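Okay, structure first, notes after.
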Amino acid sequence: MVYLSSLLKHPVVDIKGKPLGKLADAIVRLRAGEYPQVSALAVQVSSGVVFVPIADVSAMSGEQIQLATARLDVRPFERRAGEVLLRADVLGHRLIDVEHAALVRANDILLTRVQDQWVVTGLDVRGRTWWGGAKKNGSHHSRDWRSFEALIGHEPSVLVRSTFGQLQRLKAAQIADLIETASVKEQDELLTQVHEDPELEADVFEELEEDRLAQLLRTRSLTEVASVLNRMRADDAADAVTDLPQDRRQAVLDLMNTPQRIKVMSLLGYQNATAGGLMGVEYLAVSEDETIEHAVNLVRVATGQQPEALTMIFSIDDDKRLVGAISLVHALQVAPGSLLSDVAESDPVHAAPQDDIVDVTTRMADFNLLVLPVLDDRGRILGVVTVDDALEGAIPDDWRRREPQSHVSST
């Protein structure tokens, strides 16, 4: 095993021990589920930087790099798509600590010889010494390379790298936090990788703070903005449309698909700090004459709806007025053949669209509600406020910074 910082300090010698130059960089290729394999070295010689295949390297240690040949290919080194340069792209740069959902800096890189190949097995991401200098080799503490996601910033190789990326191990809220604390270059890399998964991209955009979301949407084309908003929850998409510059709003709405556009436009007339501004328009309302079995089956197939809103089933009369509500848990506990009119709680607690956020959160707390229906003046459901949206609306902006968590789901 040897650290990259040590290799950079010592000469590259030929088969006879004659110095040829110094290591400029180590080139690796990423492999799905495996450690990156060193494919070549970039060596600084008098005429410039040249490419040395790893097959021409006989030994690498903390003292020197020895080649198995006395001759070098003097053609200038040119980077190819999919290649990662350990010194230029990783060493000294920040990367994602996937386990802790945080950005950390790679202070050194551990290379290990496994059978007949060199691979990158670890990173030292601990802080530098108190006086700002580099640590001695004896004080290195490396962690497994697979615990990290490097932010390479090399556009031609991003599609290759994103195939093996570990962002899918993070929750959308965690990725949003990373974007909000990233530099411009790091942010671009994160957004490029997230963009490869449209559903994940929409989830991440939903979690961004309003100012950052508005900033990111301003940099995208009208078509790209509409595409993202089509996949977002309607209430979040409506907030995003409100934050768009005036001259872009209608154009974006026109490009959205019709069902989503109708939902979004129905929400645009409400103030943010009201029940109307907090509510979403995805909920489950079933005729009071239907059975519990039918209602539960509707929940089962509603895979595209917000899960939080499906924790409550609402019953309506022939005029579509709200007449009852039953929690999903209670619905699973009663006989499947029961009619909603017999088992749903009558006259459920509700809000009017103009009720302010204090009224909404107080009512939900007083009645232990996960979902609060919002009704028009005829008693019909306009939408629902879920507990997560109520909390988000009630918590002050400067309290919203999520603390990194050490546990990340393995799925």
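Tell me, yes or no, whether the range 214-225 has at least one residue that is at pLDDT below 90 and either on the phi > 0 side of the Ramachandran plot or not basic (Lys, Arg) (or both). Scanning the range 214-225, I find at least one residue that is at pLDDT below 90 and either on the phi > 0 side of the Ramachandran plot or not basic (Lys, Arg) (or both), so the answer is yes. Filtered by the rule that a residue be touching a helix residue (DSSP H, G or I) at 6+ places or on another chain (Cβ under 8 Å) and more than 16 Å from Leu370 (Cβ to Cβ), the range 303-331 gives Ser315, Val323, Gly324.
Taking the criterion of being touching a helix residue (DSSP H, G or I) at 6+ places or on another chain (Cβ under 8 Å) and modelled with pLDDT of 90 or more, the residues of the range 75-96 that qualify are Leu86, Arg87, Leu91, Arg94, Ile96.
Name the residue that is nearest to Glu288 (Cα to Cα), counting only residues in the range 324-349 that are in a loop (DSSP other than H, G, I, E, B) and in contact (Cβ under 8 Å) with a residue 40 or more places away in the chain. Applying the filter and picking the extreme gives Ala344.
Condition check ((1) in contact with a strand residue (DSSP E or B) (Cβ under 8 Å, 6 or more places away or on another chain); (2) on the phi < 0 side of the Ramachandran plot; (3) at pLDDT 95 or above) across all residues:
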site: Ala234; (1), (2), (3): yes, yes, no
site: Asp239; (1), (2), (3): no, yes, no
site: Gly280; (1), (2), (3): yes, yes, no
site: Gln305; (1), (2), (3): yes, yes, no
site: Ala335; (1), (2), (3): no, yes, yes
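Only a single criterion out of (1) touching an Asp or Glu at 6+ places or on another chain (Cβ under 9 Å); (2) part of a loop (DSSP other than H, G, I, E, B); (3) at pLDDT 90 or above is not satisfied by Leu72, namely (3).
Within the range 220-264, being more than 21 Å from Leu191 (Cβ to Cβ) and out of contact with any helix residue (DSSP H, G or I) (no Cβ under 7 Å at 6 or more places or on another chain) holds for Thr242, Gln246, Asp247, Gln250, Asp254, Thr258, Pro259, Ile262. Only residues that are surrounded by 14 or more Cβ atoms within 10 Å (Cβ to Cβ) and not in a strand (DSSP E or B) were counted in the range 350-361, giving 8. Taking into account only those residues within the range 149-176 that are at pLDDT 85 or above and in contact with a Leu (Cβ under 9 Å, 6 or more places away or on another chain), which is nearest to Val125 (Cα to Cα)? Of everything passing the filter in the range 149-176, Glu149 is nearest to Val125 (Cα to Cα).
Checking each residue of the range 195-208 against the condition of being in contact with a Ser or Thr (Cβ under 6 Å, 6 or more places away or on another chain) and not in a helix (DSSP H, G or I) gives at least one match.
Quick check: anything in the range 82-104 of a type in the set (Val, Ile, Thr), farther than 30 Å from Thr181 by Cα and part of a strand (DSSP E or B)? Talk me through it step by step, then tell me what you get.
Step one: of the range 82-104, the residues of a type in the set (Val, Ile, Thr) are 84, 90, 96, 98, 104.
After this cut, where a residue has to be farther than 30 Å from Thr181 by Cα as well, the list is none.
No.
I need every pair where a residue in the range 1-20 that is free of Cβ contacts under 8 Å to residues at least 24 places away in the same chain has its Cβ under 6 Å from the Cβ of a residue that is not basic (Lys, Arg), sequence separation at least 6 or different chains. Correct list of pairs: Pro19/Pro11; Pro19/Val13.
The values are calculated or read from the model by the stated rules, or taken from the named source; none is laboratory data. Computed from a prediction, not measured in an experiment: that's the story for all the values here. Don't worry about glycine lacking a Cβ; one is built from the backbone with ideal geometry, like all the others, and counts go over all protein chains shown.
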